[in-house]
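Written out below as structure tokens is the structure these notes cover.
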Amino acid sequence: MADRGTVETVQLFGPSVWLVELAGEHDVSTAPRVEAAFDQIDLTGTIVVDFSRASFVDSTIVGVVVRRWRGGATLLLVVPREGAVRSVLDLVGVTALLRTFETREEALQAASAPACGTLGEDRFARRR
């Protein structure tokens, strides 16, 4: 892969809302950095995972996200409808499990709403 991905973690609203932004291409070689970004976060809040600037993710990165959700993290995904990342997440069913938004603003608005949770909490039990 030519453009190795970057990962940035930002605490947005105290300990309650975090942003993990992925940009570029992410695969097995960047998975440790993605894991490390999640490891910095207090899991009592909501994590907005923004894929807007990501051009590619493989199953390793999908696995990182799903493991965090199964481990109890409240995740909101930002994944524009057009693009390879959305196609991958749709194909493997992640967008059916987790609340997914077109823009970061929509996700942040949902994160600040009372009782923010994932659609998956209502429809599917988390498996460990």
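The values are calculated or read from the model by the stated rules, or taken from the named source; none is laboratory data. This one's a predicted model, so the numbers in the text were calculated from it and none came from an experiment. As a convention, Cβ positions derive from the backbone with ideal geometry for all residues, glycine included, and neighbour counts pool all protein chains shown.
Numbers below:
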| quantity | calculated |
| --- | --- |
| Qualifying residue in the range 5-15 (condition: touching a strand residue (DSSP E or B) at 6+ places or on another chain (Cβ under 7 Å), at pLDDT below 95, assigned to a loop (DSSP other than H, G, I, E, B) and under 24 Å from residue 96 (Cβ atoms)) | no |
| For residue 61: the one exception among (1) closer than 16 Å to residue 8 by Cα; (2) surrounded by fewer than 20 Cβ atoms within 10 Å (Cβ to Cβ) | (2) |
| Lone qualifier among 46, 9 - being of a type in the set (Val, Ile, Thr), surrounded by 15 or more Cβ atoms within 10 Å (Cβ to Cβ) and over 11 Å from the mean Cα position of the chain (by Cα) | 9 |
| Residue among 47, 41 that is touching a strand residue (DSSP E or B) at 6+ places or on another chain (Cβ under 8 Å) and assigned to a loop (DSSP other than H, G, I, E, B) | 41 |
| The range 16-33, residues that are surrounded by fewer than 19 Cβ atoms within 10 Å (Cβ to Cβ) and assigned to a strand (DSSP E or B) | 23, 24 |
| Count of the range 11-30 residues which are aliphatic (A, V, I, L, M), over 15 Å from residue 55 (Cα atoms) and in contact with a Phe, Trp or Tyr (Cβ under 8 Å, 6 or more places away or on another chain) | 2 |
| Residue ranges of helices (runs of 4 or more DSSP H) in the range 57-128 with at least 1 members within 20 Å of residue 19 (Cα to Cα), modelled with pLDDT of 95 or more and touching a strand residue (DSSP E or B) at 6+ places or on another chain (Cβ under 6 Å) | 59-70, 84-91, 104-112 |
